[in-house]
Amino acid sequence: MNWTENIFQEFVDALQTAVDDSEFERIATRACHGLGFRWFAYLNIVDSSLKLISSYPKSWTSRYLRRQYQRLDPVVLRARSEHTTFTWGASSGSIRPASREQVRFFQEATEFGIKSGITVPIRAGFGRMAAFTVATDDALMEPDMLPATSHDVVQLLGLYFHTHLRGRPAISEEPQRVQILSQRERQCLAWAALGKTVSETAVILGITPRTVAFHLENARRKLGATSITHCVALAMRQRLLP
């Protein structure tokens with residue numbers, strides 16, 4: 001399993017038990033960083049209602065929402081009309097501003113460091129749309145020059161993120177679900193229960209030690225444990241281990 005497959009598998013495993021926007025943001029941010037990007041943004045527009053989950057600077061997202069920039073954002077407008085993943089960049093000319101307002105918009109985004117990225121348009125039916133974006137502040141990084149596999153992985157991240165976010169349970173169901181661990185989290189805990197170290201577990205499962213530590217920490221947080229040992233004990237008591 002190569003590094004992009006590891007990133008994607010870790011992302012999918014973590015999504016299985018995400019229950020709120022902050023968890024979805026944390027999971028997508030980690031995957032985004034793993035691919036070499038600084039930020040991600042998920043935008044969902046239904047009629048006049050807008051939902052934004054993003055790791056962009058809060059001062060930028062606040063301004064974006066307050067000024068309703070989705071109405072003139074060239075990236076969003078292109079995502080409305082396209083069906084395939086596309087790249088954009090401040091210096092590549094892949095998206096050209098069509099008005100003074102759009103020129104100012106790009107200038108403002110650049111001031112916050114947002115200079116290039118990859119966007120996945122998502123069709124939701126009945127005129128609804130969503131878009132998943134990964135972006136960078138590196139003026140020398142051109143998304144068009146990235147390997148084709150990066151585009152494929154970003155597309156999968158966007159589609160899985162959208163599907164799991166829309167499919168999460170109602171708030172009334174969340175307290176029960178938060179106790180459920182993903183398969184990978186249960187596997188890591190099971191080997192920890194047998195006395196295996198993080199490095200040994202990584203070899204057994206064919207993943208990196210960093211990924212094992214990530215799943216163990218997720219499990220600890222979900223079960224409200226104070227340590228991994230405590231987490232193993234709680235998981236065994238609740239019969240959550242395979």
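Which net charge results for the neighbourhood of Ala235, defined as the other residues with beta-carbon distances under 12 angstrom from its beta-carbon, given Lys and Arg at +1 and Asp and Glu at -1? Counting the neighbours of Ala235, the net charge comes to +4. Note the listed values [x] 46, 38, 32; [y] 63, 40, 30; [z] 43, 40, 38, then indicate which one is Cα extents along the principal axes in Å calculated from this particular structure. The value matching this structure is [y].
Run the numbers for Asp21 and Ala98: contour at 0.36 nm per residue of separation, minus the present Cα-Cα distance, in nm. Don't skip to the end; give the middle numbers.
Values: separation 77, 0.36 × 77 = 27.72 nm, distance 3.35 nm.
Fully extending the segment from Asp21 to Ala98 adds 24.4 nm.
Ser55: net charge of surrounding residues, Cβ under 11 Å, Lys/Arg +1, Asp/Glu -1, itself excluded? Each step should come with its number before you reach the end.
Working: positive: Arg26, Arg30, Arg38, Lys58; negative: Glu25.
That sum, taken over residues with Cβ under 11 Å, equals +3.
Rounded to the nearest 20 debye, what is the charge dipole size of the chain about its Cα centre when +1 sits on each Lys and Arg Cβ and -1 on each Asp and Glu Cβ? Display every interim value, and only then the final one.
Numbers: 29 positive and 23 negative charges, 117 e Å.
I would put it at about 560 debye.
Each Lys and Arg adds +1 at its Cβ and each Asp and Glu adds -1 at its Cβ; summed about the Cα centre, region 28-118 shows a dipole of about 180 debye.
Per DSSP H run of at least 4 residues, take -39500 (n - 2.57); add these up for the chain, divide by its residues and hand me the 222 nm value, nearest 500 deg cm²/dmol.
Value at 222 nm, helices only, nearest 500: -15500 deg cm²/dmol.
Figure the gain on full extension for Asp138 and Thr197 (residue separation times 0.36 nm, minus the Cα-Cα span) and round it to one decimal in nm. Let's see the in-between values first.
Numbers: separation 59, 0.36 × 59 = 21.24 nm, distance 3.74 nm.
Computed gain between Asp138 and Thr197 is 17.5 nm.
The distance between label points at Ala233 and Thr110 comes to 5.8 nm (points 7 Å beyond Cα on the Cα→Cβ vector). About the centre of its Cα atoms, region 1-67 shows a dipole size close to 560 debye [charges on the beta carbon of Lys, Arg (+1) and Asp, Glu (-1) only; nearest 20 debye].
Every read-out reported here was derived from the displayed coordinates using simple, explicitly stated rules and does not represent laboratory data. None of these values were measured; they are calculated from a predicted model. Backbone-built Cβ (ideal geometry, glycine too); neighbour counts: all protein chains shown.
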